[in-house]
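Right, one structure below, let's go through it.
The values are calculated or read from the model by the stated rules, or taken from the named source; none is laboratory data. Keep in mind that what you see is a predicted model, and the values were worked out from it rather than measured. We place every Cβ from the backbone using ideal geometry, glycine too, and count neighbours over all the protein chains shown. Please note that ligands, DNA and RNA were not included when accessible areas were found on the heavy atoms of the full protein model with its side chains. Shrake-Rupley method; radii C 1.70, N 1.55, O 1.52, S 1.80 Å.
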Amino acid sequence: MSTSTVYETAFLAAPFGAFLCRADGVFARVNPAYEQLTGYRAQDLIGQRKFIALHDPAELARRIGPLAGASAIERFRGEWAYVKRNGTRVPVSLALAPLPGARDARYIGIAVDTTRHAQAEAQLWYVSHHDRATHLPNRELFLERLDLSLARCRRADMALTVLVVEIDDLHKTRDALGPDGADLVLEYAGERLRRLVQTECGESVVGSIGGDQFAIALPGLGDDASRLAQQLIDAFARTDRAQPTRGATMSVGAARFPADGEDAATLVRRAGVAVSEARRAGRGQLCRFARAQETRATRQLELEQALRRAIDAREFFLHYQPRVSLKTGHITQSEALLRWRHPAYGLVSPAEFIPVAEQAGLIDAIGAWVMDTACREIGQLQRLARTPTKVAVNVSPQQFANPRLIEQIERALEKAAIAPEQLEIEITESLLLTDTERTVRTLHALRALGIEVAVDDFGTGYSSLAWLASLPLNRLKIDRSFIAKMGTDARSDALVGAIVSMGHALDLSVTAEGIETAAQAQRVRELGCDEAQGFWFSRPVSLQTLRNLLEPKPGLVCQA
Ligand code: C2E
Ligand code: MG
Ligand code: MG
């Protein structure tokens, strides 16, 4: 078989378009696949300069000038677009090469339809630039679009505001409904935001920037963006309870161009700092970025990073603060209080680092360490002192939401070989007001094990009497702010008295926290408190010092 027959067969049978053309661009031959690709029949093309008809005119003008007069071209390879006979566009990969020695043609061309490829590429681009749950632009695409908006605003000397929006407490929805349920909430919220914003500001860009946050760019809006943000917050809170978000609230942080930042990344970061501030200030509100927030946010970030290493670096330890019976003056129990000594920052107060650990999702691991250590140390103390010793451990709301909490506590008790009756859990009053179903279940599980529960910082929340009466609780610890005001503010005395009466009516023991003076100790005893805790009796102390305090000796430090 001659070589030319082989080439001829290949030319006709090729699954891709192939053509021969003269130096002036006139087609000499086309194969069947080329006919199919372009929608023209061979007779429509051969002898014709159909290049012009075949190519997208704009693209032709931009790129093919030389090709139209083909002689200037020696070789070409690249992505192209044909306009088919029926007017539709088809992306092709085109290669054009000189054909040496051929009589009637100067070039051979190959054109491969890349529609599928282009579709797959477009799909890939879509997936990598949009959020899976909300289908909104993701952080990367949002920043790109914000960059374009900023460039336009800069040219037009216009303001722009970036809002970062966060649905409050979405983690609870995730706990309750699972990840798919949370995605549904996000999808609904994203769509709602997009519609609300678009009616107010047609040029707006909305994106899902990760971590359950949305970002909105509002070109042309400066201070008036606050009004829009407030409208969003109000509209969101009014959402029908039948909708997936069930009237959830949202916090909003705002950063303005150019005052708060010149580039997209800075503006989004600063609006993010402001939204954290809005959350801290009580959720469901708007907060505008201010420089001082950034210093605080930097400190938080530093603490968070340091906290991640603190357990392994053995930087945590516990102190114990005795609780004293106001009837006998004896120590009845000790509260384990977490201490963190960082090599550079020194001792950091739990009032500062516990909220950071909670926000960063570190409290579960830290709380488990506290539980294990407190049980173990109290077990050791009991064996050394040969007296039954009781310990109270603070548990934060996030730990309480962890379905493995009970199991964790059981394991800690077992390892330390102490009885459940020796352990008390301190929870905050605010916990009783949120996530109630799960809270009640966990409280009953603790009661079933024989573990007591105290409500810490009592009086700062708004628990109703009927609600408290229905819960399996053992103790109320009156918040130290009431104790501090006793003596100077008659209402505080009355309040302490009322809490004691209420507690006793519900069969709860009542402890006064933060007793700093003999007068306060005397007063809370008169008001009927059962126990007290505070610097007057003892500061939080090391395990060794607690052991000394527990030694039964005359003239105990506890001057009740
Ligand atoms: P809290 O549970 O109400 O603990 C009592 C706090 O009051 C302790 O502060 C204690 O040192 C302080 N205190 C005790 N007596 C007095 C007094 O007479 N006057 C004054 N001014 N203060 C007194 P601390 O150790 O700084 O702990 C602060 C808070 O951090 C605790 O409040 C508790 O909410 C939290 N915390 C501490 N350890 C843990 C822990 O292991 N887990 C969790 N989740 N939270 C903890
Ligand atoms: Mg406590
Ligand atoms: Mg307290």
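Hey, does the range 78-87 have a residue that's at pLDDT below 70, outside any loop (DSSP other than H, G, I, E, B) and surrounded by fewer than 13 Cβ atoms within 10 Å (Cβ to Cβ)? The answer is no, given that none of the residues of the range 78-87 is at pLDDT below 70, outside any loop (DSSP other than H, G, I, E, B) and surrounded by fewer than 13 Cβ atoms within 10 Å (Cβ to Cβ). For the range 245-262, the condition of being under 20 Å from the mean Cα position of the chain (by Cα), aromatic (Phe, Trp, Tyr) and not in a loop (DSSP other than H, G, I, E, B) holds for none of the residues.
Filtered by the rule that a residue be more than 16 Å from ligand 2 (Cβ to nearest atom) and in contact with a Gly (Cβ under 9 Å, 6 or more places away or on another chain), the range 381-397 gives a lone residue, THR389.
Filtering the range 341-351 to residues that are touching a residue at least 12 places away in the same chain (Cβ under 8 Å) and within 16 Å of ligand 2 (Cβ to nearest atom) leaves only PRO350.
In summary, PHE535 fulfils each of the numbered conditions (1) within 16 Å of ligand 3 (Cβ to nearest atom); (2) surrounded by 16 or more Cβ atoms within 10 Å (Cβ to Cβ) with the single exception of condition (2).
Residues in the range 11-35 that are surrounded by fewer than 14 Cβ atoms within 10 Å (Cβ to Cβ) and either at pLDDT 90 or above or on the phi > 0 side of the Ramachandran plot (or both): LEU12, ALA13, PRO15. Going residue by residue through the range 322-334, is there one that turns out to be among the charged types (D, E, K, R), crowded, with 17+ Cβ neighbours inside 10 Å, touching a strand residue (DSSP E or B) at 6+ places or on another chain (Cβ under 6 Å) and assigned to a strand (DSSP E or B)? Within the range 322-334, one or more residues are among the charged types (D, E, K, R), crowded, with 17+ Cβ neighbours inside 10 Å, touching a strand residue (DSSP E or B) at 6+ places or on another chain (Cβ under 6 Å) and assigned to a strand (DSSP E or B). Scanning the range 431-479 for residues that are within 16 Å of ligand 3 (Cβ to nearest atom) and either closer than 18 Å to ALA176 by Cα or outside the structural domain of GLU421 (by TED's automatic domain parsing) (or both) yields a count of 2.
Restricting attention to the range 338-351, the residues that are open to solvent by 60 Å² or more (accessible area, probe 1.4 Å) and in a helix (DSSP H, G or I) total 1. Only residues that are open to solvent by less than 20 Å² (accessible area, probe 1.4 Å) and either part of a loop (DSSP other than H, G, I, E, B) or farther than 18 Å from GLU352 by Cβ (or both) were counted across the range 287-320, and they come to 2. In summary, ILE354 fulfils each of the numbered conditions (1) of a type outside the set (S, T, N, Q); (2) open to solvent by less than 30 Å² (accessible area, probe 1.4 Å); (3) within 16 Å of ligand 3 (Cβ to nearest atom) with the single exception of condition (2).
Scanning the range 367-390 for any residue that is part of a helix (DSSP H, G or I), more than 9 Å from ligand 1 (Cβ to nearest atom) and over 19 Å from GLN422 (Cα atoms) turns up nothing.
Could you tell me whether the range 369-384 includes any residue that is among the aromatic types (Phe, Trp, Tyr), under 22 Å from the mean Cα position of the chain (by Cα) and away from ligand 3 (no atom under 16 Å from the Cβ)? Checking the range 369-384: not a single residue is among the aromatic types (Phe, Trp, Tyr), under 22 Å from the mean Cα position of the chain (by Cα) and away from ligand 3 (no atom under 16 Å from the Cβ). Determine whether the range 136-145 contains at least one residue that is touching a Cys at 6+ places or on another chain (Cβ under 7 Å) and modelled with pLDDT of 85 or more. No, the range 136-145 contains no residue that is touching a Cys at 6+ places or on another chain (Cβ under 7 Å) and modelled with pLDDT of 85 or more. The test for being within 20 Å of LYS415 (Cα to Cα), at pLDDT below 95 and not hydrophobic (A, V, I, L, M, F, W, C) does not hold for GLN305.
Looking at the range 113-161, which of its residues are under 29 Å from the mean Cα position of the chain (by Cα) and on the phi > 0 side of the Ramachandran plot? Answer for the range 113-161, where residues must be under 29 Å from the mean Cα position of the chain (by Cα) and on the phi > 0 side of the Ramachandran plot: just HIS135.
Mind checking whether some residue in the range 502-510 is open to solvent by 20 Å² or more (accessible area, probe 1.4 Å), in contact with a Lys or Arg (Cβ under 7 Å, 6 or more places away or on another chain) and touching a residue at least 60 places away in the same chain (Cβ under 8 Å)? Checking the range 502-510: not a single residue is open to solvent by 20 Å² or more (accessible area, probe 1.4 Å), in contact with a Lys or Arg (Cβ under 7 Å, 6 or more places away or on another chain) and touching a residue at least 60 places away in the same chain (Cβ under 8 Å).
Listed by position, the helices (runs of 4 or more DSSP H) contained in the range 404-483 that have at least 2 residues being surrounded by 13 or more Cβ atoms within 10 Å (Cβ to Cβ) and within 16 Å of ligand 2 (Cβ to nearest atom) are 429-433.
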